[in-house]
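The values are calculated or read from the model by the stated rules, or taken from the named source; none is laboratory data. Since the model is a prediction, treat every value here as computed from it, not as a measurement. Cβ sites come from the backbone with ideal geometry, for glycine too, and all protein chains shown count toward neighbours. Keep in mind that these areas ignore ligands, DNA and RNA; they rest on the heavy atoms of the full protein, side chains included. Shrake-Rupley method; radii C 1.70, N 1.55, O 1.52, S 1.80 Å.
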Amino acid sequence: DAGITQSPRHKVTETGTPVTLRCHQTENHRYMYWYRQDPGHGLRLIHYSYGVKDTDKGEVSDGYSVSRSKTEDFLLTLESATSSQTSVYFCAITAQGGTEAFFGQGTRLTVV
Amino acid sequence: DQQVKQNSPSLSVQEGRISILNCDYTNSMFDYFLWYKKYPAEGPTFLISISSIKDKNEDGRFTVFLNKSAKHLSLHIVPSQPGDSAVYFCAASGNFNKFYFGSGTKLNVKP
């Protein structure tokens, strides 16, 4: 298994509260990604990072921000959680020159 | 608009028979294509891939076919086994190492 740890694994939060999900890797890979998985939509890219402090938006970035201050950590923040952000969130990593993305175990977020 | 599409949400196959999962894409800049397998409560795991310079790649029971002119790829599993029952995602990547995924096909292999 690729060394990817997501925390927390499960979270229930109230609408309007800020939430931060953490992805930690031990592979020293350059690229890191946040995806969300929803029925009928598959995996959709939220944000990705191509290096420390280098990030870019994905397909569904509205309502989300990210930060990457160290190679090993990629944080996803929901500034003010909404019920539409109830989902399963996956972090993924890819090496420089790599062709496959490796995924973490996921974080199930419920916004009530 | 989704750039990678899997139009069959589910597929049911008898054990020992062939499973064929299909995927279409719209972006001609994609140059690498992948299949992932996902079990409930786990992250997706890489299964097999193919570069745009090839039209077929085989790994054991799994074969991926790419038809660039039709912007279509398929995954063949022969013979299918009950342990293959999972959700399969097709993915594509091009410049910038971004991966775009389809909506998934849930495969059920019946014993």
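Can you tell me how many residues in the range A:18-29 are open to solvent by 20 Å² or more (accessible area, probe 1.4 Å) and more than 11 Å from A:Ala92 (Cα to Cα)?
Pass one, the range A:18-29, residues open to solvent by 20 Å² or more (accessible area, probe 1.4 Å): A:18, A:20, A:22, A:24, A:26-29.
Going one step further and asking which of them are more than 11 Å from A:Ala92 (Cα to Cα), we end up with A:18, A:20, A:22, A:26-28.
Total satisfying the criteria: 6.
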Lone qualifier among A:Gly63, A:Gly104 - being modelled with pLDDT of 95 or more and in contact with a helix residue (DSSP H, G or I) (Cβ under 8 Å, 6 or more places away or on another chain): A:Gly63
Unmet criterion (only one of (1) more than 24 Å from A:Tyr48 (Cα to Cα); (2) not in a loop (DSSP other than H, G, I, E, B)) for B:Arg17: (2)
Qualifying positions in the range B:66-111 - open to solvent by 20 Å² or more (accessible area, probe 1.4 Å), farther than 19 Å from B:Lys5 by Cα, in a strand (DSSP E or B) and away from chain A (no Cβ under 14 Å): B:Asn108, B:Lys110
Members of the range A:38-97 found to be touching a residue at least 60 places away in the same chain (Cβ under 8 Å), over 29 Å from B:Lys106 (Cβ atoms) and either within 14 Å of chain B (Cβ to nearest Cβ) or surrounded by 14 or more Cβ atoms within 10 Å (Cβ to Cβ) (or both), listed by number: A:Ala95, A:Gln96
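For the range B:37-50, give me the residue count where each residue is facing chain A (nearest Cβ under 8 Å) and within 15 Å of the chain's Cα centre (by Cα).
Initial filter on the range B:37-50 (facing chain A (nearest Cβ under 8 Å)): B:41-46, B:49.
When the remaining residues are screened for being within 15 Å of the chain's Cα centre (by Cα), the result is B:44-46, B:49.
Residues flagged as facing chain A (nearest Cβ under 8 Å) and within 15 Å of the chain's Cα centre (by Cα) within the range B:37-50 amount to 4.
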